[in-house]
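A short worksheet on the structure shown next.
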Amino acid sequence: AQTVTQSQPEMSVQEAETVTLSCTYDTSESDYYLFWYKQPPSRQMILVIRQEAYKQQNATENRFSVNFQKAAKSFSLKISDSQLGDAAMYFCAYAPGTDKLIFGTGTRLQVFP
Amino acid sequence: DTAVSQTPKYLVTQMGNDKSIKCEQNLGHDTMYWYKQDSKKFLKIMFSYNNKELIINETVPNRFSPKSPDKAHLNLHINSLELGDSAVYFCASSQRGGLGYGYTFGSGTRLTVV
C-alpha cells in the first residue's frame, strides 16, 4: 500500500530559527512527485514546495528546502529563519503519477516569538 | 479571481437532510477532486473526475454522489446526512499529466451535522 508517514504530530520553533519536519513514504513506483502543503488556521491548502522523484537535486523555495532521500523514501522539509506566519499544519503528500495525492497525517508547527 | 471556488463555506444541517456543495474552477484544468478532511485533520480522496468522467471513487458511501456537468464544475450531493459526515470538504483541480505541479485547492466547506 502507498502510505505517507509524518511521525511528528507537533513541532515548535523559535522565531528566526530553523526547523525540520519529517516525512517518509512507502511506494514501489520509481517515478512520482512529492509535495509539502501548508494549512494555516484559515484552512486554505497552500503548496509550499514540490519535488520530482527523478531529480537528484533537492528543491528549494526561498526559506523552504527539502532533503529528498529516494533510497530511504524520506522527504523532510526545512524551514529556515522561521516567521510567525509559518505557524500552520504542514502536510506531506505523494503523487504516484495517477490522479490522486496521498497525504500524511500532518505536523502542527508552532512558532514562538 | 478565485481559481477554485466552493460554496458554501459553512453548512450546518440536521441529520437526515440532503445537501449539496458546489465547486467551480477557472484554471482550465481537466481533472477535479473531492477530498474529505476529518476532525483529526486527515485528508483523504473521495472522488476524481476527468473531463466529466469518474476516474476515482474511493469506497465512499452511496449517499455521496458527485456530479460534473462540465470540466469546470464538480458538485457533491450528500443524501441522508449522518453525524459522521461532519468534516471539511475540499474541492481541488489539476491538469492530468501535470499532476507533478500539484493541486489547486478550494478554501473548503465545513459541514456540521447536528
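Return the value, in Å² to the nearest 100, of accessible area buried between chains B and A (probe 1.4 Å, both sides summed). Mind showing how you got there, number by number?
Numbers: alone 6450 and 6390 Å², together 10900 Å².
Between B and A, the summed buried area is about 1900 Å².
Could you tell me which trypsin sites (Lys or Arg not before Pro) in segment B:31-82 are loop residues by DSSP with no more than 13 other beta carbons within 10 angstrom of their beta carbon?
Numbers: sites: B:Lys36, B:Lys40, B:Lys41, B:Lys44, B:Lys52, B:Arg63, B:Lys67, B:Lys71; in loops: B:Lys40, B:Lys41, B:Lys52, B:Arg63, B:Lys71.
Those that pass, being in a loop and sparsely packed, are B:Lys40, B:Arg63.
Any idea what the dipole of chain B comes to, in debye rounded to 20, about its Cα centre with Lys/Arg Cβ at +1 and Asp/Glu Cβ at -1? Walk me through the intermediate numbers first.
Details: 13 positive and 10 negative charges, 40 e Å.
In total the dipole reaches around 180 debye.
Hey, how many Å between the Cα centroid of segment B:22-100 and the Cα centroid of segment A:1-72?
Answer, in whole Å: 24.
What does the charge count near B:Pro61 come to, summing +1 for each Lys or Arg and -1 for each Asp or Glu among other residues with Cβ under 15 Å from its Cβ?
Values: positive: B:Lys19, B:Lys36, B:Lys44, B:Arg63; negative: B:Asp18, B:Asp38, B:Glu58, B:Glu82, B:Asp85.
Result for the local shell: -1.
Relative contact order for segment B:6-114 using alpha-carbon pairs under 8 Å, separation at least 6, rounded to a whole percent?
Numbers: 259 pairs, mean separation 40.3, N = 109.
That works out to 37 percent.
Please express the Cα-Cα pair-distance distribution P(r) of chain B as a list of whole percents, one per 10 Å bin, running from 0 to the bin with the greatest distance.
In whole percents, the pair-distance histogram is 15, 50, 29, 5, 0.
Where both partners of a DSSP beta bridge lie in segment B:4-113, what percent of those bridges are antiparallel, to the nearest 5?
Working: 36 of 40 bridges.
Bridges in segment B:4-113 are about 90 percent antiparallel.
What does the structure give for B:88-95 when I average, per residue, the other chain Cβ atoms found within 10 Å of the residue Cβ?
On the way: counts 2, 0, 4, 0, 3, 0, 4, 0.
That average works out to 2.
Send over a whole-number figure in Å² for the accessible area per residue of the protein assembly as shown, probe 1.4 Å.
Per residue, the protein assembly as shown has an accessible area of 48 Å².
Springs between alpha-carbon pairs under 10 angstrom, Gaussian network model over chain A: which of A:Lys38, A:Lys73, A:Lys100 fluctuates most?
Looking only at A:Lys38, A:Lys73, A:Lys100, the biggest GNM fluctuation is shown by A:Lys100.
In the protein assembly as shown, carbon and sulfur make up what percent of the accessible area (probe 1.4 Å)?
On the way: 5150 of 10900 Å².
For the protein assembly as shown, the apolar C and S fraction of the accessible surface comes to 47 percent.
Taking every residue in B:42-55, how many Cβ atoms of other protein chains lie within 10 Å of its Cβ, on average?
Numbers: counts 5, 11, 3, 5, 0, 1, 3, 1, 1, 0, 0, 0, 0, 3.
Averaged over the peptide's residues, the number is 2.
With a 10 Å cut-off between alpha carbons and a GNM built on chain A, which of A:Ala88, A:Ala59, A:Ala72 moves the most?
Per the Cα network of chain A with a 10 Å cutoff, A:Ala72 tops the list.
Just to compare against my own numbers: the Cα pair-distance distribution for chain A, 10 Å bins, whole % per bin, please.
15, 50, 29, 6, 0
Please state the Cα pair-distance histogram of the protein assembly as shown with 5 angstrom bins from zero: what percent is in each bin?
Binned Cα distances yield the sequence 1, 7, 14, 18, 18, 16, 13, 8, 4, 1, 0.
Given the peptides B:84-91, B:26-33, arrange them by the average over their residues of other C-beta atoms within 10 Å, most packed first. Working shown, then result.
Numbers: B:84-91: 20.5, B:26-33: 19.0.
Highest to lowest by the protection proxy: B:84-91, B:26-33.
The values are calculated or read from the model by the stated rules, or taken from the named source; none is laboratory data. Owing to the predicted nature of the structure, the values given are computational and were not obtained by experimental measurement. Neighbour counts are summed over all protein chains in view; Cβ atoms, including those assigned to glycine, are modelled from backbone coordinates with ideal geometry. To get the accessible areas, we keep the full protein, side chains included, count just its heavy atoms, and leave off ligands, DNA and RNA. Shrake-Rupley method; radii C 1.70, N 1.55, O 1.52, S 1.80 Å.
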